[in-house]
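Read the structure below first, then the notes.
The values are calculated or read from the model by the stated rules, or taken from the named source; none is laboratory data. What you see is a predicted model; the values in this text were computed from it and never measured. Methodologically, a virtual Cβ is constructed for each residue, glycine included, from the backbone with ideal geometry; neighbour enumeration extends over all protein chains shown.
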Amino acid sequence: MLSQSWPVSGCINYKNKNRRNYCTLPENSEIFTVHGLWPNYFGSNSGPYFCDNGDRFNPSALSPILSEMNAKWTNIQGGTSSNSFWSHEWSKHGTCAKVLPQFNTLFKYFKSTLTLGEQYDIYQAFSESGIRPGSQSYSLNDLIDAIVNKFGKVPQISCTLDEMGEALLSEVRLCFDKSVRLIDCTAVNLNPKNCRGQTSAKYLRTVPN
């Protein structure tokens, strides 16, 4: 499962956890950043995790793509290390994904995931359906339809809640088979609407002051 995040919602969620928290948003404001590529058990929204604790994260392996990592696999949590974020993704998920040839080294896991993020451009898919960030809410059905119209498969829309309990569009998740072919997330029993019972979500352009 490829999970791509809307940075504005991620920042709001992070700042709501502690008033002293601050964010470092990507320079490109028209991008869903990569959160991770997560192998799941068939029909499950979880696991496997931490498949090879001996294969440790080596930041130097990412040197050839470091600028791309910072731009597209952005750590928005100000004052924290990007390497810590990427190390977590590798240790928890990458070490399990490496059973597939496309992801069988640390470099290939991150580079191949970035390539998938470029191939499945969520911001563009929404824009082509007239869905653009602002102050308004969009129905989850419209968000799902926009992805289906662009890529032909059902995604999972994930939300976080703001301080008022309103849903914010947080992540769009796409599902793949072991040949890295896009499939419906419903085919592996994932609920397309992972939004705590909400039927719509805000797609905000900026972080409120």
Residue in the range 66-86 that is surrounded by 15 or more Cβ atoms within 10 Å (Cβ to Cβ), among the small types (G, A, S) and either assigned to a loop (DSSP other than H, G, I, E, B) or touching a helix residue (DSSP H, G or I) at 6+ places or on another chain (Cβ under 7 Å) (or both) present: yes
Pick out, from the range 112-208, the strands (runs of 3 or more DSSP E) lying fully within it that include 3 or more residues that are closer than 30 Å to A61 by Cβ, within 15 Å of the chain's Cα centre (by Cα) and modelled with pLDDT of 95 or more. 167-176
Within the range 5-39, track down each residue that is touching a Ser or Thr at 6+ places or on another chain (Cβ under 7 Å), in a loop (DSSP other than H, G, I, E, B) and surrounded by 18 or more Cβ atoms within 10 Å (Cβ to Cβ). W6, F32, W38
If you go through S84, S91, S46, the only one that is without any contact (Cβ under 8 Å) to a residue 12 or more places away in the chain and either in contact with a Cys (Cβ under 8 Å, 6 or more places away or on another chain) or under 19 Å from L106 (Cβ atoms) (or both) is S84
If C96 satisfies all but one of (1) under 30 Å from C51 (Cβ atoms); (2) assigned to a loop (DSSP other than H, G, I, E, B); (3) modelled with pLDDT of 95 or more, what's the number of the condition it fails? (2)
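Restricting attention to the range 50-62, does a residue exist that is hydroxyl-bearing (S, T, Y), over 20 Å from the mean Cα position of the chain (by Cα) and either outside any loop (DSSP other than H, G, I, E, B) or modelled with pLDDT under 95 (or both)?
Yes - at least one qualifying residue is present in the range 50-62.
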